[in-house]
1. Condition first: surrounded by 13 or more Cβ atoms within 10 Å (Cβ to Cβ), more than 16 Å from the chain's Cα centre (by Cα), more than 18 Å from LEU123 (Cα to Cα) and among the acidic types (Asp, Glu). Can you find one or more residues in the stretch 25-43 that meet it?
2. Any chance you could count how many residues in the stretch 33-58 are without any contact (Cβ under 8 Å) to a residue 24 or more places away in the chain, among the hydrophobic types (A, V, I, L, M, F, W, C) and under 20 Å from ALA75 (Cβ atoms)?
3. Which one of these is of a type in the set (Val, Ile, Thr) and over 14 Å from LEU23 (Cβ atoms): VAL91, VAL103?
4. List pairs: first residue in the stretch 79-103 and free of Cβ contacts under 8 Å to residues at least 40 places away in the same chain, second residue hydroxyl-bearing (Ser, Thr, Tyr) and open to solvent by 40 Å² or more (accessible area, probe 1.4 Å) anywhere in the structure, Cβ distance under 8 angstrom, at least six positions apart or on different chains.
5. Taking LEU22 as the residue in question, decide whether it is aliphatic (A, V, I, L, M), under 26 Å from PHE138 (Cα atoms) and open to solvent by 80 Å² or more (accessible area, probe 1.4 Å).
6. Read through the list (1) open to solvent by less than 60 Å² (accessible area, probe 1.4 Å); (2) more than 26 Å from THR14 (Cα to Cα), then give the number of the only condition that PHE138 fails.
7. Name the residue that is farthest from the chain's Cα centre (by Cα), counting only residues in the stretch 61-78 that are without any contact (Cβ under 8 Å) to a residue 24 or more places away in the chain and open to solvent by 80 Å² or more (accessible area, probe 1.4 Å).
8. So which helices (runs of 4 or more DSSP H) are wholly in the stretch 18-129 and hold at least 1 residues that are farther than 30 Å from SER8 by Cβ?
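The values are calculated or read from the model by the stated rules, or taken from the named source; none is laboratory data. Only a predicted model underlies this, so the values are computations on that prediction, with no experimental measurement involved. Virtual Cβ from ideal backbone geometry, glycine too; neighbours counted across all protein chains shown. Accessible surface areas use protein heavy atoms only, side chains included; no ligands, DNA or RNA. Shrake-Rupley method; radii C 1.70, N 1.55, O 1.52, S 1.80 Å.
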Amino acid sequence: WAMPLKTSLQHQLTARPWWMQLLFAFSIFMTFVYLPWDVLIKPLEEDQEVWFGLLFTGWFAKLGGLLHWLVYGAATFGYLKMKSWMYPWSVIYLLQIALGMLVWSLTGERGGGMAGSFFIASLFLLIAYLSWRERGRFGG
């Protein structure tokens, strides 16, 4: 049983570029550590979620947390199996994050100011572009 496990692990470590490995690891963390705590344990009065750069609190944040849990759970499975549907949806989600960073900077919420938000948005645009370029990797 050790040999198939080793082969499977080697495949997982080479199935995607390093930056996509980081997205995969982040999705695993969000799915199995952060979001269960956020949705099930974090007090309602402390809960906050951001979608499209807009901050939600209370019950809307809990609902947003559930949606985030579904998104990151799907991403975890999609990256694990390199599913073909991950290609368009990962790019769209990364673009949504970039847009959200720009909206966040315009609404004057917290954050690193407009310059910081533009920098982070640019990073997500770059990752979206790299994901688009790697579309041939998806198809499992």
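1. So far as the stretch 25-43 goes, no, none of its residues is surrounded by 13 or more Cβ atoms within 10 Å (Cβ to Cβ), more than 16 Å from the chain's Cα centre (by Cα), more than 18 Å from LEU123 (Cα to Cα) and among the acidic types (Asp, Glu).
2. Qualifying residue count, the stretch 33-58: 3.
3. VAL103
4. Close Cβ pairs (under 8 Å, with a partner that is hydroxyl-bearing (Ser, Thr, Tyr) and open to solvent by 40 Å² or more (accessible area, probe 1.4 Å)) amount to ALA98/SER122.
5. Details: aliphatic (A, V, I, L, M): yes; under 26 Å from PHE138 (Cα atoms): yes; open to solvent by 80 Å² or more (accessible area, probe 1.4 Å): yes.
Criteria met by LEU22.
6. For PHE138, the failing item is (2).
7. This residue is LEU63.
8. Working: elements: 18-29, 35-40, 58-81, 86-107.
Passing ranges, in order: 35-40, 58-81, 86-107.
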